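The values are calculated or read from the model by the stated rules, or taken from the named source; none is laboratory data. All figures in this text were calculated on a predicted structure; none of them were measured in a lab. Glycine gets a Cβ as well: all are built from the backbone with ideal geometry, and neighbour counts include every protein chain shown.
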Amino acid sequence: TLLPNITAIPPWQQHPNATSFAAAWDAFTKFAGCHSGETRDGLSKLKQYFSNFGYIPNSPSSNFTDDFDDELEKALKAYQQNFNLNVTGQLDDRTLEQIVRPRCGNADIVNGTSSMNSSKSSSFQTVGHFHTTGH
Amino acid sequence: YTFFPGTPRWPVNRRDLTYAFLPGNELTDEVKAVFTSAFQKWSAVTPLTFTETDSYSTADITIGFYSGDHGDGEPFDGVLGTLAHAFSPTSGRFHLDADENWVVSGDVTRSSIPSAVDLETVAVHEIGHLLGLGHSSVEDAIMYPTITSGTRKVELEDDDIQGIQSLYGSNPNYNGSTTPTATTGDRESSDGEIPYLA
């Protein structure tokens, strides 16, 4: 939908709290406070999100569970590092706020290689196969 | 700034690039002008030039709006979520989610409507990918991956400029400011006006 200006947005979408157009990611806000060891319905979709953007190594046989496991925690830490968030490994409010934001579909980590912040620390090299790139 | 693995870039013999719009989208001149402006952000700081062509099949860069699964393995997801994606050099494919509420002109920052997305903001970002830049952790940079609703960010930051100039070098007329500088190579529009000036 190409709108000549801001006032041309359809009325049904103009209410700031309208939910009819909410992206699927908004559902992730229900995971606030979730941490390692827990099991929550839908966490598999969050893992798929992290997989889509390169934080969980892509595997054709990926069959994500709803467990908050080590794989998710490592992905979360790398994500938090990349977005200059506190690296807690938990789904805190600030992290979730960042996750649900509209974004570019290109991955942050391509082929297991990240050149964003997460490559600057050796702490997260277990996510994929990071290689440090000097600039 | 970051690069794609292997640091792909447009080769030396392909620095004067052409771009074309998916004919089926039937975009207006006003919409096309947004992309022209976005390309100029990058050409102002590099030796690269960008020229629109009607020949979609031979253009270096192809731009199209698509909905849902559009055949490249990266389906769009409707309003918000993923807004657009672009491929690394020398693919030239630039896809935008047709289901977004793309605001072509006007001050998107004056709206609290969460579904409004400024078209030029996303265009400048995706062109960065087309030229070889990956995502940046610098929040003010064009290549930062997320966009806050109702925001507009179209000026290259130092991080973006350093990144793209390390791939292609600097525009000889670039003076260290992101303000476009007139060059002898400026293309004149059909009515004789120079598209951008110092």
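Summary of values
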{"read-out": "Residues of region B:111-125 that turn out to be in contact with a helix residue (DSSP H, G or I) (Cβ under 7 Å, 6 or more places away or on another chain) and outside any loop (DSSP other than H, G, I, E, B), as a count", "value": "6"}
{"read-out": "Among the candidates B:Ala38, B:Ala33, residue that is surrounded by fewer than 20 Cβ atoms within 10 Å (Cβ to Cβ) and under 21 Å from B:Val103 (Cβ atoms)", "value": "B:Ala33"}
{"read-out": "Elements of type strands (runs of 3 or more DSSP E) contained in region B:1-89, each with 1 or more residues being in contact with a helix residue (DSSP H, G or I) (Cβ under 9 Å, 6 or more places away or on another chain), of a type in the set (Val, Ile, Thr) and at pLDDT 95 or above", "value": "B:49-52, B:61-66"}
{"read-out": "Residue under evaluation A:Ser61, criteria (1) modelled with pLDDT of 70 or more; (2) of a type in the set (S, T, N, Q); (3) over 30 Å from B:Gly106 (Cβ atoms), criterion not met", "value": "(1)"}
{"read-out": "Unmet criterion (only one of (1) over 15 Å from the mean Cα position of the chain (by Cα); (2) surrounded by fewer than 23 Cβ atoms within 10 Å (Cβ to Cβ); (3) modelled with pLDDT of 95 or more) for B:Ser137", "value": "(2)"}
{"read-out": "Condition met for B:Ala38 (within 13 Å of chain A (Cβ to nearest Cβ), within 14 Å of the chain's Cα centre (by Cα) and of a type in the set (Gly, Ala, Ser))", "value": "no"}
{"read-out": "Residues that are touching a Gly at 6+ places or on another chain (Cβ under 9 Å), in contact (Cβ under 8 Å) with a residue 60 or more places away in the chain and small (Gly, Ala, Ser), drawn from region B:110-162", "value": "B:Gly128, B:Gly132, B:Gly134, B:Ser136, B:Ala141"}
{"read-out": "Near pairs, Cβ below 6 angstrom, 6+ apart or cross-chain, from region A:101-129 (facing chain B (nearest Cβ under 7 Å) and in a loop (DSSP other than H, G, I, E, B)) to any residue that is surrounded by fewer than 17 Cβ atoms within 10 Å (Cβ to Cβ) and modelled with pLDDT under 50", "value": "A:Ser115/A:Thr133"}
{"read-out": "Residue satisfying all of: in region B:70-97; more than 12 Å from the chain's Cα centre (by Cα) and among the aliphatic types (A, V, I, L, M); surrounded by the fewest Cβ atoms within 10 Å (Cβ to Cβ) among these", "value": "B:Val79"}
